[in-house]
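S.K.: Just dropping this structure here.
The values are calculated or read from the model by the stated rules, or taken from the named source; none is laboratory data. Given the structure is predicted, the values throughout are model-derived calculations rather than measurements. Glycine also receives a Cβ, built like all others from the backbone with ideal geometry; neighbour counts cover every protein chain displayed. All accessible areas refer to the heavy atoms of the entire protein, side chains included, with ligands and DNA or RNA removed. Shrake-Rupley method; radii C 1.70, N 1.55, O 1.52, S 1.80 Å.
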Amino acid sequence: VKLSYGTAGFRADASILQSTVYRVGILAALRSLKTQCVIGLMITASHNKVTDNGVKIADPSGGMLSQDWEPFSDQLANAPDPQSLVSLIEEFVKKEKIPFNGKHPAEILLGRDTRPSGESLLEAAKQGISAVVGAVAHDMGILTTPQLHWMVRARNKGLKATESDYFEQLLSSFRCLMNLIPDRGTSNETEDKLIVDGANGVGGEKLEVIKEKLNELDIEVRNSGKEGGVLNEGVGADFVQKEKVVPHGFGSNHAGIRCASLDGDADRLVYFLVPPNNCSKIDLVDGDKILSLFAVFIKEQLSILEEDTKGSNNYKARLGAVQTAYANGASTYYLRHLGLEVALAPTGVKFLHEKAAQYDIGIYFEANGHGTILFSEHFLSWLEDKNQELSSTHEGSEQQKAALRLLAVSKLINQAVGDALSGLLLVETILRHMGWSIHQWNALYQDLPSRQLKVKVGDRTAVVTANAETVAVKPPGIQEAINVETAKYRNGRSFIRPSGTEDVVRVYAEASTQEAADKLANSVAELVDRFLGFRSS
């Protein structure tokens, strides 16, 4: 089996992963020696079926493994025998000048999700780590993926980083935001109850912990994994977002109630509504809508802060929203209409994260519900100073409340990676702050109908894209042909991109009606087939 390290690390059937996880243990120890920082190793296959598993590395920032180490990861995983493995490592250590003398310690935090195969794979990772002299592994237990990333980031900032520290930070910043909600009298439309689908995974378990510590929210957790359901089977954010149907355990008795769904390792979050007349279909409130909600709130706080023209320490923050070409065109239009700078990045969380880090406050989300908010160090230190200034001159003013809200958001949101638990708590506080129901939130804009198709091709590398995958520069002439088709439809938009894993080209199309979106997708798929399909080869 040839494995390749993608955005999700290595993933495969759990039964064949032991040697790979052992080798990734070695990789994590080398990465720790190289960076002289704490590194994370997470055993999960996220929204994949329960018999799969996977392994990925968290870098010192809490983000994903640096891309320039990915080719070495692939070589390491695919080395055919022990001898080639050892010589590969020796060569790499020399090239990267990794201090390999036993004098420097290496520290790795280990986590796993609830999959039954996780325990033995964790053991393999420990053995790989201890094969490197001076490397120490700390088993942090069963965690969500974002919890492990958070811990790595916190440890490298010199902060406390246990699971109880994680919960403490989330809950104290959540309470701070709740205490700052403006008093609207009786005009609050937010329904009290929230029902959450835990995907029968680790997120459901951890949400139960949060629920016990929180009196402020009325949360009911379904599919927590304790009722005997199977991880990701007919449940979870990935299933709900792709299929647009209710997860197992939800039905007509939940009509009109605010519902949310986490994915298997709790790094994705979507909300949904069960309509009263059709209880199998849902009204999906996806990552684009979550991004829009966060943007409305943060923009409001920045506007209040900018009203303080008398203060000596004023600064105009750069707020940006980052999306991929897959974001619904209606959401991009809405965000631009709000006066936001919207940037497009290629598909993949690492590209979105990188782009968002270029702003004072960068919000990124994919439609699948993975995303977060990044605050620059420069902006946060300015905000701390501003809050100090306001507390001595305008204690309790609207400006000071806005500063406190933004500081609380920076602590509540997981700035390492997308985190369904912290995202859910932030959504809940913002809805209460705005006095909105899920219906009002969902009505911010109406999604344009869209269609996605896959076309089998002889060689996917024949497609080369530019401008964050919105334009195909190769094969020559295909983009012009796509433009001609797109121009035939109102609000038409279409693009193609090669799959990262298989010889297929993905087609995305949207237009003002579902029929038009379907027609546009089909005609673009025919173009791909004409230019690149098996018939043309």
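S.K.: Please work out which option in (i) 23, 57, 20, 0; (ii) 15, 42, 33, 8, 1; (iii) 21, 53, 25, 1 gives P(r) over Cα pairs in 20 Å bins from 0, in percent calculated from these coordinates, and answer with its label.
M.R.: Among (i) 23, 57, 20, 0; (ii) 15, 42, 33, 8, 1; (iii) 21, 53, 25, 1, the one derived from this structure is (iii).
S.K.: Excluding residues fewer than 8 places away in the same chain, name every one of the lysines whose C-alpha is closer than 18 Å to that of LYS206.
M.R.: LYS226
S.K.: Using amide H atoms built in the peptide plane, which far-off residues or other-chain residues are under 5 Å from GLU107 H to H?
M.R.: Long-range HN contacts for GLU107: ILE39, VAL136.
S.K.: Still on this structure, I have one more. Could you sort CYS259, CYS176 by their accessible area in this structure, using a 1.4 Å probe and putting the largest first?
M.R.: On the way: CYS259 0, CYS176 45 Å².
Descending accessible area places them as CYS176, CYS259.
S.K.: Highest mean first, what order results for 36-44, 237-245, 90-98, 110-118 on Cβ atoms within 10 Å? Before the final figure, lay out each step's value.
M.R.: Details: 36-44: 25.4, 237-245: 20.2, 90-98: 13.1, 110-118: 22.0.
So the peptides 36-44, 237-245, 90-98, 110-118, ranked by packing, come out 36-44, 110-118, 237-245, 90-98.
S.K.: Among the listed pairs LYS281/LYS474; LYS160/LYS350; LYS213/LYS316; LYS95/LYS454; LYS2/LYS157; LYS95/LYS355, which have their C-alpha atoms separated by more than 32 angstrom in this model? Mind dumping the intermediate values first?
M.R.: Values: LYS281/LYS474 39 Å; LYS160/LYS350 26 Å; LYS213/LYS316 37 Å; LYS95/LYS454 41 Å; LYS2/LYS157 37 Å; LYS95/LYS355 29 Å.
In this structure, LYS281/LYS474; LYS213/LYS316; LYS95/LYS454; LYS2/LYS157 lie more than 32 Å apart at Cα.
S.K.: Non-local amide H neighbours of VAL471 (under 5 Å, H modeled in plane, Pro and chain starts lacking H): which ones?
M.R.: Residues meeting the amide H criterion: ALA466.
S.K.: Write down the accessible area per residue of the chain in Å², having rolled a 1.4 Å probe over the full set of protein chains. All intermediate terms of the calculation are to be shown ahead of the outcome.
M.R.: Working: 22160 Å² over 537 residues.
Counting only protein heavy atoms, the per-residue value for the chain is 41 Å².
S.K.: Could you pull the Rg and Dmax for segment 290-419, using just the Cα atoms, both in Å?
M.R.: Computed over the Cα atoms of segment 290-419, radius of gyration and Dmax are 15.0, 47 Å.
S.K.: ³J(HN,Hα) across segment 479-488 via Karplus (A = 6.51, B = -1.76, C = 1.60, θ = phi - 60°), whole Hz, x for Gly/Pro?
M.R.: These are the phi-based 3J(HN,Hα) values: 5, 4, 5, 5, 4, 4, 5, 4, 5, 6 Hz.
S.K.: May I ask you to derive the relative contact order of the chain, considering only C-alpha pairs under 8 Å and at least 6 residues apart, and to give it as an integer percent? Provide the component values of the computation, followed by the final result.
M.R.: On the way: 1113 pairs, mean separation 62.6, N = 537.
RCO, the chain: 12 percent.
S.K.: Next question, about the same structure. What is the spread of the Cα atoms of segment 10-160 along each of their three principal axes, largest first, in whole Å?
M.R.: Here the Cα extents, ordered largest to smallest, are 41, 39, 25 Å.
S.K.: Putting +1 on Lys and Arg Cβ atoms and -1 on Asp and Glu Cβ atoms, find which of VAL196, LEU76, GLY118 reaches farthest to the positive end of the dipole of segment 74-210.
M.R.: Highest projection toward the positive end goes to LEU76.
S.K.: Could I ask something else about it? Need the list of aspartates and glutamates near LYS299 for cross-linking: C-alpha distance under 13 angstrom, and skip anything on the same chain fewer than eight residues off.
M.R.: In chain and number order, the partners are GLU307, GLU341, ASP360.
S.K.: Follow-up. With every protein chain kept in the model, how would you rank LEU180, LEU17 by accessible area, 1.4 Å probe, largest at the top? Mind dumping the intermediate values first?
M.R.: Numbers: LEU180 30, LEU17 0 Å².
Putting LEU180, LEU17 in descending order of accessible area: LEU180, LEU17.
S.K.: Using the per-residue mean of other Cβ atoms lying within 10 Å as a proxy for protection, in what order, highest first, do the peptides 191-201, 262-272 fall? Intermediate values should be presented prior to the final figure.
M.R.: Working: 191-201: 23.3, 262-272: 31.0.
Output ranking for 191-201, 262-272: 262-272, 191-201.
S.K.: Could you run the Karplus curve 6.51 cos²θ - 1.76 cosθ + 1.60 with θ = phi - 60° over segment 74-90 and give me ³J(HN,Hα) per residue in whole Hz, x for Gly and Pro?
M.R.: Along segment 74-90, the couplings run 5, 4, 4, 5, 9, 4, x, 8, x, 4, 5, 4, 5, 5, 4, 5, 4 Hz.
S.K.: Further question on the same structure: Near the amide H of THR372, under 5 Å away, which other amide H atoms are found, from residues 5 or more places off or on another chain, if H is placed in the peptide plane?
M.R.: TYR364
S.K.: Segment 450-532: D in µm²/s via Stokes-Einstein (Kirkwood Rh, Cα pairs, 10 °C, 1.306 mPa s)?
M.R.: Values: Rh = 12.4 Å.
Value of D from the Cα-based Kirkwood radius: 128 µm²/s.
S.K.: What 222 nm value per residue comes from the helices of the chain, counting each DSSP H run with n ≥ 4 as -39,500 (n - 2.57) and dividing by all residues, nearest 500 deg cm²/dmol? Before the final figure, lay out the partial values.
M.R.: Values: 17 runs with 220 residues, N = 537.
Helices in the chain give a 222 nm mean residue ellipticity of -13000 deg cm²/dmol.
S.K.: A further question on this structure: So what is the relative contact order for segment 290-419, in percent, with contacts set as C-alpha pairs under 8 Å and at least six apart?
M.R.: Numbers: 183 pairs, mean separation 33.6, N = 130.
Here the relative contact order equals 26 percent.
S.K.: Among 519-525, 135-141, 29-35, what's the highest-first ranking by average C-beta atoms within 10 angstrom per residue? Numbers along the way, then the final one.
M.R.: On the way: 519-525: 20.6, 135-141: 17.0, 29-35: 23.4.
Packing proxy ranking, top to bottom: 29-35, 519-525, 135-141.
S.K.: Continuing with this model, one more query. Apply the Karplus parameterisation 6.51 cos²θ - 1.76 cosθ + 1.60, with θ equal to phi minus 60°, to every residue of segment 12-23 and state each ³J(HN,Hα) to the nearest whole Hz, in sequence, with x for glycine and proline.
M.R.: 6, 4, 4, 5, 10, 9, 4, 5, 5, 5, 4, 5
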